[in-house]
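*Asks:* Right, I'll just put the structure down here and ask away after.
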Amino acid sequence: MDYFYHILIICLIYSIFAQSLNLELGFTGLYNFGHIAFFGIGAYTSALLSLNGVPIPLAVVGAITLAGIAGALLAIPTLRLSGDYFGIATLVFAEMAHLVFLNERDITRGPMGLPNIPRPDWIGSGISSLPRFLIVTFVAAALTFILLRRITNSPYGRSLKVIREDEFVAQALGKNTSLIKTKAIVVGSVLAGLAGVIWAHYITYISPADFTLQETILVLLCVVLGGKGTHLGPVVGAFVIIFFAEFIRFIPIPSEYIRFVAPLQGMTYGFILVIMMLKRPQGLIPESRKFTTTNA
């Protein structure tokens, strides 16, 4: 039962992460390949603050605030670009963040990572705390879902969809597309930072290896597999992918081939992502196309 609690917590964390990316990718059409950076910024900021005596609630606020500021700072220069160029720029940003986590040893301890990250006292530590942590994570995921549903069903959300379909139409309708997209990136970054915060305080150990290109592919796959531009899609995608990853752990593999499991897993995720983009880009849950540009 404890193992099942653990898997559910991981699924819920990744559902928050996938929903945050879906706001940018699915609803706004921004292929942000650097989204893992905000997950890492949230995790490292909250971990460092709490390890230095800052109360965990304040550490959480500081972490998601810094993630939002980083998102705004990324949006200002990169939104001058479009298409592939925007994607490459965000990917470079993610690699820069990873190099900071890896090389700033005086702050992040580099490849050794940060151990003993505290949890809130009322949650506690060890296996006995799993049900309480599951409740906290479920509440965070539910609030994220409700918030993004309200945002995307509002006039602002319809503007995002118009920008995704044709930015020139949005500009003709008098929309400030740069501001609208910047807001989407900031909100997505804040929620990605929140997912990183929960990850750090749940696992209680983080290192630069947690914030790599493979994790970017993983969260992209959650969004694309579940159905980008939908509300439930990223949640379903996160549960499917995490349960699939855990299923692989139980496949009997000879010990001499164990070292190939992680690379093959990354290749498998990439292969599935390519197949989904080619064969079923709408994902498991297709988007309803009921909006019109006049509603924006």
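No lab work stands behind these numbers, since they all come straight from the coordinates. For clarity, every value in this text was computed on a predicted model and none was experimentally measured. Backbone-built Cβ (ideal geometry, glycine too); neighbour counts: all protein chains shown.
*Asks:* Who wins for biggest fluctuation among ALA70, ALA37, ALA47 in a Gaussian network model of the chain, springs between alpha carbons below 10 Å?
*Replies:* For the chain, modelled as a Gaussian network with Cα springs under 10 Å, the answer is ALA70.
*Asks:* Take the Cβ-Cβ distance between ILE151 and PHE250 as r, set R0 to 41 Å, and report the resulting FRET efficiency rounded to the nearest 0.05.
*Replies:* 0.60
*Asks:* Under the rule that an exposed site lies in a DSSP loop and has at most 12 other Cβ atoms within 10 Å, name the longest stretch of the chain with no trypsin sites (Lys or Arg not before Pro) of that kind, not counting the sites themselves.
*Replies:* After excluding every exposed loop site, the longest remaining stretch is 81-288.
*Asks:* Rounded, prolate or oblate: which fits the chain when a ≥ b ≥ c are the square roots of the eigenvalues of the alpha-carbon gyration tensor, with rounded for a/c under 1.5 and prolate only if a/b beats b/c?
*Replies:* prolate
*Asks:* Same structure, new question: GLN282 label point, 7 Å along Cα→Cβ, cut-off 16 Å on backbone N: hits in the range 220-246?
*Replies:* Output list for this probe position: 224-234.
*Asks:* Same structure again: Where does helix 177-203 land angle-wise versus the long Cα axis of the chain, in degrees 0 to 90, nearest 10?
*Replies:* So the helix axis and the longest Cα principal axis differ by about 10 degrees.
*Asks:* Give the angle, between 0 and 90 degrees and rounded to the nearest 10, that separates the Cα long axis of helix 213-226 from the longest principal axis of the Cα atoms of the chain.
*Replies:* Relative to the chain, helix 213-226 is tipped by roughly 60 degrees.
*Asks:* Below 8 Å between Cα atoms, with a sequence gap of 6+, how large is the relative contact order for the chain in percent?
*Replies:* 33 percent
*Asks:* Would you mind checking which residues have amide H under 5 Å from ILE206's amide H? H placed 1.01 Å from N; only 5 or more apart, or other chain.
*Replies:* Here LEU114 satisfy the definition.
*Asks:* Mind checking the angle between helix 36-51 and the chain's longest principal axis? C-alpha axes, 0 to 90 degrees, to the nearest 10.
*Replies:* Result, in degrees: 40.
*Asks:* Can you tell me which of ILE198, ILE241, ILE41 moves the most in a GNM of the chain? Springs connect C-alpha atoms under 10 Å apart.
*Replies:* Result: ILE241 has the largest fluctuation of those listed.
*Asks:* Within the chain, what is the longest stretch that has no chymotrypsin sites (Phe, Trp or Tyr not before Pro) placed in a DSSP loop and near at most 11 other beta-carbon atoms within 10 Å?
*Replies:* Longest stretch, sites excluded: 123-249.
*Asks:* Say each of ASN116 and LEU81 gets a label point 7 Å from the Cα, pointing the same way as Cα to Cβ; how far apart are those two points in nm?
*Replies:* Once both label points are built, they end up 4.1 nm from each other.
*Asks:* What FRET efficiency do you get for ALA209 and VAL169 if R0 is 35 Å and r is their Cβ-Cβ distance, rounded to the nearest 0.05?
*Replies:* Efficiency computed from Cβ-Cβ geometry: 0.20.
*Asks:* Between GLU104, GLU167, GLU95, which gets the highest mean-square fluctuation from a Gaussian network model of the chain, Cα cutoff 10 Å?
*Replies:* GLU104
*Asks:* Run the reach check for LYS183 against aspartates and glutamates, Cα to Cα strictly under 17 Å, same-chain hits fewer than 8 apart removed. What comes back?
*Replies:* Once the sequence-local aspartates and glutamates are set aside, what remains near LYS183 is GLU24, GLU167.
*Asks:* By the gyration tensor of its Cα atoms, with a ≥ b ≥ c the square roots of the eigenvalues, what is the shape of the range 80-146: rounded for a/c under 1.5, prolate for a/b over b/c, or oblate?
*Replies:* Oblate.
*Asks:* Go through the range 242-249 residue by residue and turn each phi into a ³J(HN,Hα) via Karplus (6.51, -1.76, 1.60, θ = phi - 60°); whole Hz please, and just put x for glycine and proline.
*Replies:* Per residue, the Karplus-derived 3J(HN,Hα) values read 5, 5, 5, 4, 6, 4, 4, 4 Hz.
*Asks:* In whole angstrom, how far apart do the alpha carbon centroids of the range 48-85 and the range 99-174 sit?
*Replies:* Each part reduced to its Cα centre gives a spacing of 10 Å.
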